[in-house]
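First up is the structure itself, then whatever we jot down about it.
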Amino acid sequence: MIRYALGRLTSLVISLIVASIVIFAVIEVIPGDPAAFMLGVNARPDTIAALRAEMGLDQPLITRYLDWITGLLRGDFGQSWTYKTPVAELINDRIWVSLPLAIFALILSTLIAFPAGIYAASRRGGTGDVTIMRATQLGVAIPNFWFAMILVLIFAINLRWFSAGGFPGWNNPFQALKSLTLPAIALALPQAAILARVMRSSLLDMLGEDFIRTARAKGLSRRQALWKHAVRNALIPVLTIIGLQFSFLLAGGIIIEQIFFLPGLGRLIFQSISARDLIVVESVVMLLVFTVIMVNFLVDLAYAAVDPRLRRRA
């Protein structure tokens, strides 16, 4: 297990190095000069040159990359050119919206998908299976921002059970969670549809394996064989989807955060791109990439815990 974990950790470090190079290169090749954008079209060349020097944009690319990376390793994400605030403070303020939202949505997605997928697999070909599969097809086909607008129309405008947007802060946890409920549901429904289909497919594959037939031959009922043997072995592809979903929910909620006016990381990236605040974009995207890679690393460790064959291969 230790050797397997070290191998995955090495892969994690290499992935982070490659990702940092790609992120820096992609951000730097974006057309336009941030200094000229900030000062406007009527700015004098010497004023633009002075601002470029102040922002460090006159340095060679390799120097700027190394300064950025060493700063990240020290926990220094740089200074926002637009907000005149350390990027670390901006991230710290926004992460407490995006992270709870992602966790909330993932919990809802899992609570919906697991029972639905298991029930559909246990009733293969029946009315319940067909109904659930049709519902999941609808969930996969409809984008989450459409769900978000429908939820706002029904529960915020018509019923007035929730607010249509905004975030009151964590001084009142109940109101904070209430303000995240509609966004979390909008994010969770499409992910639950995907996860339920994967759970059903994986479970059906397990129910057709020889060890399930052996368990049935030893006297276990179908229900006992399902819960004691099939479900655990079906979790490996499901864990992959859960890990990818958490990464998507944390990094991909830009549209949902815009619809509900949530001051999260996604909205921060959108605003920073609009303002050409490249240091904020680079740092936030790198943080999200680190989160994605770390989640995949933890999923790999969960694989080894669920499937002993991976430990033996390592």
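The values are calculated or read from the model by the stated rules, or taken from the named source; none is laboratory data. Being a predicted model, the structure only gives us computed values, none of them experimental. FYI the Cβ positions are ideal-geometry reconstructions off the backbone, even for glycines, and counts take in every protein chain you see. We work out accessible area using only protein heavy atoms, side chains counted, and drop any ligands, DNA or RNA first. Shrake-Rupley method; radii C 1.70, N 1.55, O 1.52, S 1.80 Å.
From the list D33, D76, which one is at pLDDT 80 or above and more than 15 Å from V285 (Cβ to Cβ)?
Every option except D76 fails the conditions.
Tell me which residues, restricted to the stretch 168-192, are free of Cβ contacts under 8 Å to residues at least 60 places away in the same chain and either outside any helix (DSSP H, G or I) or touching an Asp or Glu at 6+ places or on another chain (Cβ under 8 Å) (or both).
P168, G169, N171, N172
Looking at the stretch 101-154, which of its residues are under 16 Å from F260 (Cα atoms), open to solvent by 30 Å² or more (accessible area, probe 1.4 Å) and either touching a residue at least 60 places away in the same chain (Cβ under 8 Å) or part of a helix (DSSP H, G or I) (or both)?
Passing the criteria: F104, F145, W146, F147, M149, I150, L153, I154.
Please determine, by comparing only the residues of the stretch 163-206 that are aromatic (F, W, Y) and closer than 14 Å to L262 by Cα, which one is surrounded by the fewest Cβ atoms within 10 Å (Cβ to Cβ).
W170
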